Amino acid sequence: MPISFDSERKIFKLDTATSSYIIEIYEQNYLIHLYYGAKIPDTNLKNHKFLMNWFGSVSPQNINIEDRRFSPDVCTFEYPCEGTGDFRSSAFSIRNADGNNATDLRYVSHKIYPGKPRIDGLPSLHVNTDSDADTLEILTEDAVTGIRAILYYTVFNNYGAMTRFVKVINASDRPADIERVFSSCVDFNTNEFDMITLYGDWLKERTFERAPLGRKKQGVSSKRGSSSHAQNPFGAIVGRNTTEENGDAYGFNLVYSGNFEFSAEVDAHGASRVLMGINPDAFGWHLEPGEEFSSPETVMVYSSDGLGGMSRIFHRLYTNHLIRGKWAHIKRPLLINNWEATGMDFTGDKLVTFAERAKEIGIDMLVMDDGWFGKRDDDTSSLGDWQVNEEKLGGPLKDFIARINALGIKFGIWYEPEMVSHDSNLYREHPDWCIHVPGREKSIARQQYVLDWSRKEVRDYIYEMMKKVIGENKIDYVKWDYNRCITEAGSPALPPERQKEVFHRFILGTYEIMDRLTVDFPDLLLENCSSGGGRFDPGTLYFSPQIWCSDNTDPIDRIDIQFGTSLCYPASVMGAHVSASTRAGFETKGNVALWGTFGYELDPNTFTPDDIELIKEQVSEYHKYYDLIRSGDLYRLISPWENDRRVAWMFVSEDKEEALLTSVVMRKPHDNAFFLRLRGLDPEKYYVDDTSGEVYSGALLMNAGISLTNYSNNDGDSFKIYFHTL
Ligand code: DGJ
């Protein structure tokens with residue numbers, strides 16, 4: 001049983017494929033967290049909740065509990081609240097109608113059942129059949145205010161993964177205001193950990209950082225309105241000695257595209273509290289009697305096989321239980337996008353030449369990026385005016401697409417649905433439709449504002465325009481872009497007590513429109529983008545099976561970005577294109593882009609005959625390795641955060657019958673005697689190097705390794721080797 005309840009000892013045990021998670025209902029119905037870590041068979045952990053001997057003048061007590069070691073100040077809690085004796089960061093804080101935040105959620109009842117519930121209005125992992133997962137719901141209540149919270153835990157039976165979210169119910173007869181509602185809280189009774197997070201910026205998204213936990217609060221967050229370039233809603237807590245392939249690694253990833261916080265607080269006694277959820281700094285939610293609020297979901301993965309083991313669990317889990325729809329498991333079209341080649345300076349005729357060249361080299365789809373609508377020839381105008389610029393395209397969109405399709409090429413189009421340009425008919429007609437605080441100057445970014453998607457009429461207006469264009473034309477793909485942060489987060493349509501809801505309501509609005517789009521057009525392939533990879537998160541992935549990784553398409557810079565992204569996101573979702581960047585040749589650009597969705601982002605009219613031969617070869621490799629890369633296991637052999645000169649990674653098929661090794665020289669290495677030990681192969685099997693014909697045992701490749709002296713070591717060089725069994 002993945003989830004069991006010992007009714008005598010009042011202990012819940014949740015077992016994933018790799019981990020156990022244990023909760024006790026203690027005296028007075030306190031919900032105490034006892035354990036999260038490598039799988040254990042038993043639950044004799046009752047002393048784990050007492051982290052110190054009692055010292056009454058410092059740590060408050062419960063008058064009804066005799067054991068003086070129990071204090072909310074030092075116990076490990078399942079879902080700690082504000083103001084009743086636990087002085088660490090709380091997971092939940094709600095201001096009641098009397099104006100104070102004192103809350104004490106205690107156990108009331110629970111349910112265990114097969115399957116997994118959906119979360120209203122929010123993306124979440126899904127089950128394919130009820131046997132994929134089991135769920136525990138624990139109902140808790142604050143006896144004084146009548147506020148309730150249901151804690152949801154879902155265990156994925158075949159993965160080392162579980163998910164958590166919380167539903168708050170105002171079961172009282174007076175209003176209340178949620179101020180913090182974290183999706184998950186894990187109290188560990190040790191601090192022998194490092195924290196790993198992914199920081200970044202435009203052009204350098206998801207850069208790896210590892211730092212020891214100190215006796216303080218530390219973490220990352222966003223309050224930009226999106227998950228952001230600056231930090232990703234992913235964090236790992238790993239043992240001090242954890243490496244790529246060994247040691248404890250706990251990964252936390254929030255299925256949410258808005259403001260988040262991931263933090264760890266180590267208290268004076270050396271225990272650590274790890275929180276993941278909506279950033280309370282930019283959030284509030286008003287609950288009238290009877291109203292409910294659901295938090296987004298945290299995905300929690302545990303592996304004792306280090307960071308690599310953790311990543312591989314995330315990859316399989318997301319491939320099978322996050323990404324939905326037609327494109328989740330079928331081959332995606334190989335595309336060429338015109339953005340880096342033309343910007344907005346294109347015509348229909350010019351794009352037709354792109355499609356002609358594309359056809360010659362085996363590309364499946366042309367994507368027309370920004371600049372096809374209104375009078376948009378630069379980024380100062382027209383967002384919100386989603387009418388086709390027929391003059392630019394040389395006629396109606398239908399006719400233009402027909403010219404592309406006649407070449408045997410599919411067609412994709414760009415949108416930035418949540419935005420309105422200052423210079424647009426939409427803004428002139430409805431200046432109050434953007435997020436703003438009346439009477440306060442609106443900050444502008446890229447000459448645009450963010451539409452107030454907390455308002456249904458605004459969402460409907462934009463969606464109807466999109467639906468018309470997409471419905472009336474043969475559009476196979478949409479690139480959904482999002483190019484600024486939210487400032488002055490107010491909505492004149494909401495009363496003062498609901499103003500702090502704007503950020504979350506905006507994200508709910510985005511999810512509603514993505515949902516409508518993918519339901520109305522089930523064959524459409526949706527790719528998200530946000531000035532590159534500024535909204536690369538599981539919330540977005542739920543709707544779009546691929547996300548543009550970064551506007552930085554330089555293959556050497558991309559290595560950092562792709563390695564960082566791979567900590568929790570699979571290759572199949574990483575938008576990666578070969579571009580005109582010059583720091584490496586076509587071969588390396590192709591080798592790096594093969595790790596992602598693969599495609600081209602340059603003017604195909606500039607290709608020389610030699611380029612064409614090479615690109616044709618790349619296209620055939622894309623097809624040859626498609627399944628191996630998208631459904632194989634990733635091994636990061638040499639990461640740029642360990643070695644800034646030479647990197648290597650490999651994909652191994654699930655049955656270990658084939659593997660693809662890739663290595664890139666970022667900067668000329670010092671080490672000539674370099675043997676690369678492969679991983680993930682079957683030691684008993686024999687593998688053929690497809691290029692040289694040499695045969696090696698898996699054991700040899702993983703222990704002795706292969707010598708890199710045969711390969712060129714100049715900046716930007718790369719090679720790959722395909723191995724298959726005899
Ligand atoms: C930002 C994206 O990241 C680019 O790929 C491109 O679509 C531009 N926006 C268009 O404005």
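The values are calculated or read from the model by the stated rules, or taken from the named source; none is laboratory data. All values derive from a computational prediction rather than experimental measurement. Virtual Cβ from ideal backbone geometry, glycine too; neighbours counted across all protein chains shown. Accessible surface is based on the protein model in full, side chains and every heavy atom, while ligands, DNA and RNA are left aside. Shrake-Rupley method; radii C 1.70, N 1.55, O 1.52, S 1.80 Å.
Nothing charged except the Cβ atoms of Lys and Arg (+1) and of Asp and Glu (-1): what's the magnitude of the dipole of the chain about its Cα centre? Round to the nearest 20 debye.
With Lys and Arg at +1 and Asp and Glu at -1, about 680 debye.
Which value, in Å² rounded to 10, gives the accessible area of His329 with a 1.4 Å probe and all protein chains present?
We get 120 Å² for His329.
As I understand it, the dipole of the range 326-548 uses +1 on the Cβ of Lys and Arg and -1 on the Cβ of Asp and Glu, about the Cα centre. Which of Cys434, Tyr415, Ser382 lies farthest toward its positive end?
Tyr415
Please list, in chain and number order, the residues 5+ apart from Lys410 or on another chain whose amide H is under 5 Å from its amide H, with Hs placed from the backbone.
Here the answer is Met365, Leu366, since their amide H atoms fall under 5 Å of that of Lys410.
Could you derive backbone 3J(HN,Hα) for the range 589-606 from the dihedral phi with the Karplus parameters 6.51, -1.76 and 1.60 (θ = phi - 60°), listing whole Hz in sequence and x where the residue is Gly or Pro?
Couplings: 4, x, 4, 6, 5, 4, 5, x, 5, 6, x, 10, 9, 6, 7, x, 6, 8 Hz.
What residues qualify as long-range amide H neighbours of Val478, i.e. H under 5 Å apart, gap of 5 or more or another chain, H built at 1.01 Å from N?
Ile413, Leu525, Leu526, Glu527
Heavy atoms only, 1.4 Å probe, whole protein assembly: order Thr103, Thr518 by accessible area, highest first.
Sorted descending by solvent-accessible area, the residues read Thr518, Thr103.
May I ask you to give the solvent-accessible area per residue for the range 3-321, in square angstrom, as obtained with a 1.4 angstrom probe?
Accessible area per residue: 35 Å².
Taking θ as phi - 60°, what are the ³J(HN,Hα) couplings along the range 43-48 by the Karplus curve (6.51, -1.76, 1.60), each to the nearest whole Hz, with x for Gly and Pro?
9, 7, 10, 5, 7, 5
Using only the heavy atoms of the protein chains and a 1.4 Å probe, how would Asp345, Asp560 rank by accessible area, largest first?
Asp345, Asp560
Can you tell which of Phe5, Phe87, Ser20 lies farthest toward the positive end of the dipole of the range 1-91, using +1 and -1 charges on the Cβ of basic and acidic side chains (Lys, Arg; Asp, Glu)?
Final value for the positive-end residue is Ser20.
What angle, in degrees between 0 and 90 and rounded to the nearest 10, separates the Cα long axis of helix 306-321 from the longest principal axis of the Cα atoms of the chain?
It works out to around 80 degrees.
Excluding Tyr696 itself, what net charge comes from residues whose Cβ is under 15 Å from its Cβ, given Lys and Arg +1 and Asp and Glu -1?
Net local charge, Tyr696 excluded: -3.
Name the lysines eligible as straight-distance cross-link partners of Lys375: C-alpha to C-alpha under 27 Å, and not fewer than 8 places from it in the same chain.
Lys350, Lys392, Lys398, Lys410, Lys442, Lys456, Lys467, Lys468, Lys474, Lys479
State the extension gain, in nm to one decimal, for the chain segment bounded by His670 and Ser131, taking 0.36 nm per residue of separation less the distance between their alpha-carbons.
That works out to 188.8 nm of additional length.
How long is the gain from Ser57 to His269 if the chain were fully straight, where each residue apart is worth 0.36 nm and the alpha carbon distance is subtracted?
Here the segment from Ser57 to His269 would lengthen by 74.7 nm.
With a Förster radius of 45 Å, plug the Cβ-Cβ distance of Lys331 and Ala445 into 1/(1 + (r/R0)^6) and report the FRET value to the nearest 0.05.
The value I calculate is 0.75.
Take a quick pass over the range 3-321 and tell me how many lysine pairs come in under 20 angstrom between Cα atoms, counting only ones 8 or more apart or on separate chains.
13
If r is the Cβ-Cβ distance from Lys468 to Tyr686 and R0 is 60 Å, what FRET efficiency results, to the nearest 0.05?
0.55
For Gln61, what residues show an amide H to amide H distance below 5 Å, using hydrogens built from the backbone and excluding near sequence neighbours?
none
So how far, in whole Å, is the C-alpha centre of the range 81-115 from the one of the range 561-600?
First find each Cα centre; the distance between them is then 45 Å.
Grab the other residues whose beta carbon is less than 14 angstrom from that of Ile63, score K and R as +1, D and E as -1, and report the net.
So the environment of Ile63 carries a net charge of -3.
Counting only other residues whose beta carbon sits under 9 Å from that of Leu451, what net charge do I get with K and R as +1, D and E as -1?
Surrounding charge for Leu451 is 0.
Identify the GluC sites (Glu not before Pro) of the range 16-98 meeting these criteria: DSSP loop state and at most 14 other C-beta atoms within 10 Å of the C-beta.
In loop regions of the range 16-98 (DSSP not H, G, I, E or B), the sparsely surrounded GluC sites (Glu not before Pro) are Glu66.
Would you calculate the separation in nanometres between label points at Glu209 and Glu66, each defined as 7 Å from the Cα along the Cα-to-beta-carbon direction?
Going by the 7 Å Cα→Cβ label model, 5.1 nm.
Working from Cα positions, state the angle (0 to 90°, nearest 10) between the long axis of helix 456-472 and the longest principal axis of the chain.
Helix 456-472 sits roughly 30 degrees off the main axis of the chain.
Alpha carbon centre of the range 250-300 versus the range 10-62: separation in Å?
Using only Cα atoms to place each centre, the spacing works out to 21 Å.
Carbon and sulfur atoms: what percent of the 1.4 Å accessible area of the chain do they account for?
Summing carbon and sulfur atoms, their accessible area is 48 percent of the total for the chain.
Could you point to the residue in Leu708, Asn672, Ser692 farthest towards the positive end of the range 636-725's charge dipole, with +1 and -1 charges on the Cβ of Lys/Arg and Asp/Glu respectively?
Asn672
List the lysines whose Cα lies under 16 Å from the Cα of Lys589, skipping any in the same chain that are fewer than 8 positions away.
Lys616, Lys720
Arrange the residues Thr242, Thr145 by how much accessible surface each exposes, largest first, with a 1.4 angstrom probe.
Result of the area sort, largest leading: Thr145, Thr242.
Compute the acute angle (0 to 90°) between the alpha-carbon long axis of helix 348-361 and the principal axis of greatest extent of the alpha-carbon atoms of the chain; round to the nearest 10°.
Tilt of helix 348-361: around 90 degrees.
Whole-Hz Karplus ³J(HN,Hα) for the range 488-503, in order, using 6.51 cos²θ - 1.76 cosθ + 1.60 and θ = phi - 60°, x for Gly and Pro?
Working through the residues one at a time gives 6, 6, x, 9, x, 7, 10, x, x, 6, 10, 4, 6, 7, 4, 4 Hz.
For every helix of n ≥ 4 consecutive DSSP H residues, a contribution of -39,500 (n - 2.57) applies; sum these over the chain, divide by its total residues, and give [θ] at 222 nm rounded to the nearest 500 deg cm²/dmol.
-6000 deg cm²/dmol, from helical runs alone.
Quick one: check the C-alpha center-to-center distance for the range 640-707 versus the range 426-446, whole angstrom.
55
Could you name the aspartates and glutamates whose alpha carbon sits less than 12 Å from that of Lys656, not counting residues in the same chain fewer than 8 places away?
Within reach: Asp633, Asp682, Glu684.
Would you please give the FRET efficiency between Asp610 and Asp201, computed as 1/(1 + (r/R0)^6) with r the Cβ-Cβ distance and R0 = 35 Å, to the nearest 0.05?
With R0 = 35 Å, the Cβ-Cβ based efficiency is 0.45.
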